[in-house]
Amino acid sequence: MKVAILGFGFMGKMHAQVFQALPGVELAAVVTGRPPRARAWLKKAGTEVPVYDDHETVLADPTIDAVDVCLPTDLHESRVVAALRAGKHVFCEKPLASTLKECAAMVEEAERAGTVFMVGHCLRFWPEYQAFADFVWKGRAGRLLSLTLRRAVGRPAYSTGNWLLDTERSLGSAFDLHIHDTDFVLHLLGRPAAVASTGVKDEAGWSQIFTRYEYPDGPLVQAEGGWIFPPKWDFRMDFRAVFENGAVAYDSAASPTLTYAIGNGAPKPLAFREPPAGESRETGGNVSSLGGYMNELAAFVEAVRLGRPPPTATGREAMESVEVVLAEIRSAEHERPIRLPEQPR
Ligand SMILES: NC(=O)c1ccc[n+]([C@@H]2O[C@H](COP(=O)([O-])OP(=O)(O)OC[C@H]3O[C@@H](n4cnc5c(N)ncnc54)[C@H](O)[C@@H]3O)[C@@H](O)[C@H]2O)c1
């Protein structure tokens, strides 16, 4: 399977490493606004891949099976629709888009095209989050009573043209970063009845958001996310869950990362499965892992091979996550809870 990556910044390079490690996949082209930099990076990584500064060349190439869209969010819709119309399978980074109209255009085009369409909601594939979801769904410690999720990082200065700090383009960290936890909550527990949010708003939009997801008769669920911290603050994500008869805790900066206790037992590591090429590695003092990205792109490749929809992280699921985060931002703006319609839009 031949893949082209559109957008070769932080995420495009991450995906290039994964595609190079996945069997049966050839990274066949890269499209970026800065070809010389991409060529230098690829050379250093020991690979020679054609690099273009226009996506039309790649879409017109019949040998390319799939396109991986790692562009700024405001460019997703036009590139995804063009790739689907060219008959390509498409993987698109999260958030799908910043309006429901754009999301719907992509989802409907994918349904017309009949090719595989998947969105990069990587927590659904993150080894520890997968192990935790399995723990919840199997009821290993009884009913889930409460869940708190957090995600924090220094204000990003790396993005191309600083698009992440342009609220018109990224909608700020409440949208771009915190959507990971919203999507995981939807994956784990389904659609909440309402969301109640507050946060800190500055020149980069809602730079920190606190949300309560309301599940009548269900667990108490809340999440905090933002890139409001000083620029050198390391990325960190964590969660804590309390059950009728136990607890689970995860901290990306701890070792072991994932622990649990049942009944009166002492806390111990909860086992999770890393893909073979996705072991954790040290990145400047912060442990990061390719495992979640390996798992999600392997699922995309497998879906293409089998000619089936992806097992999760579909276009419609990604659109629902956008719908819920937009409701969270409205809730923070209007300082009141927002009820969600029973069915996704
Ligand atoms: N799943 C995750 O964990 C995760 C992490 C980071 C980013 N993302 C998502 O990946 C996507 C890309 O983010 P990134 O961090 O790689 O961004 P980035 O700024 O590092 O890279 C953007 C790439 O797009 C190209 N580009 C083309 N036209 C552009 C334009 N008009 N403005 C700016 N860049 C342009 C740039 O040359 C660059 O190659 C976003 O949707 C982002 O939300 C996902």
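The values are calculated or read from the model by the stated rules, or taken from the named source; none is laboratory data. Because the structure is predicted, anything quoted here is derived from the model rather than measured. All Cβ positions, glycine included, derive from the backbone under ideal geometry; neighbour counts span all protein chains shown.
Looking at (1) under 14 Å from THR160 (Cβ atoms); (2) buried (at least 16 other Cβ atoms within 10 Å of the Cβ); (3) touching a residue at least 60 places away in the same chain (Cβ under 8 Å), find the lone condition where GLY12 falls short.
For GLY12, the exception is condition (3).
Could you please find all residues in segment 201-222 being under 26 Å from ASN162 (Cβ atoms) and of a type outside the set (S, T, N, Q)?
Across segment 201-222, the qualifying residues are LYS201, ASP202, GLU203, ALA204, GLY205, TRP206, ILE209, PHE210.
Inside segment 98-138, can you point out the residues that are within 17 Å of PRO72 (Cα to Cα) and crowded, with 24+ Cβ neighbours inside 10 Å?
Matches in segment 98-138: CYS103, MET106, MET118, VAL119, GLY120, HIS121.
Here is a yes/no grid of residues against (1) at pLDDT 65 or above; (2) away from the ligand (no atom under 16 Å from the Cβ); (3) under 20 Å from MET14 (Cα atoms):
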residue: PRO276; (1), (2), (3): yes, yes, yes
residue: ASN286; (1), (2), (3): no, no, yes
residue: TYR293; (1), (2), (3): yes, no, yes
residue: GLU296; (1), (2), (3): yes, no, yes
residue: VAL301; (1), (2), (3): yes, yes, yes
residue: LEU306; (1), (2), (3): yes, yes, no
residue: PRO310; (1), (2), (3): yes, no, no
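Taking only segment 134-178 into account, find how many residues are within 16 Å of the chain's Cα centre (by Cα) and under 25 Å from ALA253 (Cα atoms).
13
Closer than 23 Å to PRO275 by Cα, in the same structural domain as VAL67 (by TED's automatic domain parsing) and acidic (Asp, Glu): is that true of GLU93 in this structure?
yes
From the list ARG155, ARG191, exactly one residue is in contact with a strand residue (DSSP E or B) (Cβ under 7 Å, 6 or more places away or on another chain), away from the ligand (no atom under 12 Å from the Cβ) and among the charged types (D, E, K, R). Which is it?
Criteria check complete, one pass: ARG155.
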